[in-house]
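Following: one structure in structure tokens, then a few remarks.
The values are calculated or read from the model by the stated rules, or taken from the named source; none is laboratory data. The structure displayed is predicted, hence computed values, not measured ones. Neighbour counts run over all protein chains shown; Cβ positions are idealised from the backbone, glycine included.
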Amino acid sequence: MSESRTKRLPQQHAPATPPQPTAAEAPTVATAAPPVTAAPGRTMPPPRPAGAGCIDPFAAFDAARAAFTGSTVAVADEMADMMRVGIDSATDAATGLLTAKTLSDGFAVNARLASRNVDAALARSLRLTELGTRLATEAWEKLMPMFGTTSAR
């Protein structure tokens, strides 16, 4: 072992009673800050009494979570419906291709499938956009009072 690790520092003992500050060293008591004044030409809102208008953040977040959950279920239902429509469309196309007698009949079936899929994709994307907007709006409306704002609608 090295010699520096085995050396011990001398122990220092704290005095039994801490020294008392003199009157000149005594801490000063903080006074209340001066009232905030508004810029010239503006008025300040009156101060709210303690506890008035206070919103429980946990209750606000719980309400936002509940709104978000409900809207998320609607989005999930829409996605499931979109999958069902896609499967039905593919099944109809497969049946049409099996019954096609000529190559032009097969192209016509594929053209109908593509047209139906594009129309469905546009309609579903619009619906999902509406649901997403509603999801965000409903969740945010539950949090707005916490920040002192109201609905922008």
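Residues that are over 45 Å from the mean Cα position of the chain (by Cα), of a type in the set (Val, Ile, Thr) and assigned to a helix (DSSP H, G or I) within region 85-118 comprise Thr95, Thr99, listed in sequence order.
Kindly evaluate Thr149 against the criterion of being over 24 Å from Asp81 (Cβ atoms) and either in a helix (DSSP H, G or I) or at pLDDT below 90 (or both). Taking the combined requirement at face value, the residue satisfies it. Within region 99-113, if we keep just the residues that are closer than 15 Å to Ser89 by Cα and among the aliphatic types (A, V, I, L, M), the residue that is surrounded by the most Cβ atoms within 10 Å (Cβ to Cβ) turns out to be Val109.
For Ala63, the test of being in a helix (DSSP H, G or I), modelled with pLDDT under 85 and closer than 19 Å to Thr137 by Cα is passed.
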